[in-house]
Amino acid sequence: MQLQLPQEENRSSVITARNLLQTAVGLLTKSPLTTVTVVAPALVLMCGVSLITATIAPGLLQIGPGSTNITTFSEGVTPLALVLGFALSYALMAILWHRHTLCGRCTTKPLGLRIIAGYLWRVVALALIQLAASLTMVIPLMILHEAGNSHATPPSTASMLLTTFISQTVILWLLLRLSLILPAAALGASMPMTTSWKHTKQIARALWGVAAALALLNTCFTALATMLTLGPSAQAMVFELPVYVIEGLLIFSVLTTLYSRLVPSDIAETA
């Protein structure tokens, strides 16, 4: 299954949040068996790391967008190795999916350690940007809450979910503007973040809708996990791991669609 988007149509058609999401979802659902087959090596690695984590370092299961247990990393090399293993499996899933859905787009370099390492350091760079953006938004909100709440009562679940949705929408929009570097890296090409920002400038407004939809999906999963009161356990892992995979593949498909529609083939070859 290749990305079925003729280049001429891609450049002339109006790009909206709706058709971006429809195309991304279509890539995943057109042939579910093919989707699973393509990312199977990464899924096997991810499940293996998750099972080891649940067995020897269950505290790592607390690490996530809403609860980061930094003290876990002081327990030795093993927790760090498990986190790196999970990051590697997630990056491998993205690379395999990008290369599969863009295989008819341009000539790809053979998959090797250099491509994987190049993809990983770009993920780290984007993660640092995400962390900085999160702190920029969350810290003022925390200060305002403390200043306006003399009784220091904890925020309600609805308030936390709304804050999560708003902050994630902004962060996802920023990352979508910068993340064309990822499918480029998966193909063995090099693209600066400034080039990604330039290519996505024309659809910046549409990307707000895409970011809001992705943030809403993640917020719904968060709300469901909260209602189920899942703690750091194997039960939580069974629920959260498929969620991470589904959300990840959807985001990777959005980036694939953006790359195909916004980056001309001649640039993609030499980016």
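The values are calculated or read from the model by the stated rules, or taken from the named source; none is laboratory data. Computed from a prediction, not measured in an experiment: that's the story for all the values here. Using ideal geometry, Cβ is built from the backbone for each residue, glycine included, and neighbour counts are taken over all protein chains shown.
Considering each residue of segment 167-184 in turn, none proves to be touching a helix residue (DSSP H, G or I) at 6+ places or on another chain (Cβ under 8 Å) and at pLDDT below 85. If you take the residues of segment 219-271 that are modelled with pLDDT of 80 or more and of a type in the set (Ser, Thr, Tyr), which of them is farthest from the chain's Cα centre (by Cα)? Residue satisfying both the conditions and the ranking: Ser260.
Scanning segment 88-128 for residues that are β-branched (Val, Ile, Thr) and in contact (Cβ under 8 Å) with a residue 12 or more places away in the chain, we see that the one that is surrounded by the fewest Cβ atoms within 10 Å (Cβ to Cβ) is Thr107. Contact map, segment 252-267: first residue closer than 17 Å to Ala189 by Cα, second residue among the charged types (D, E, K, R) and modelled with pLDDT under 95, Cβ cut-off under 7 Å, separation 6 or more or different chains; pairs are Ser260/Arg105; Ser265/Arg105.
Considering only residues in segment 61-87 that are at pLDDT below 80, within 19 Å of the chain's Cα centre (by Cα) and in a helix (DSSP H, G or I), the one that is surrounded by the fewest Cβ atoms within 10 Å (Cβ to Cβ) turns out to be Gln62. In segment 170-189, the residues that are on the phi > 0 side of the Ramachandran plot form Cβ pairs under 7 Å with partners that are surrounded by fewer than 24 Cβ atoms within 10 Å (Cβ to Cβ) and of a type outside the set (Phe, Trp, Tyr), at six or more places apart or across chains, as follows: Gly188/Thr108; Gly188/Lys109; Gly188/Ile115. Being at pLDDT 85 or above, among the hydrophobic types (A, V, I, L, M, F, W, C) and surrounded by fewer than 20 Cβ atoms within 10 Å (Cβ to Cβ) is a condition met by no residue of segment 146-162.
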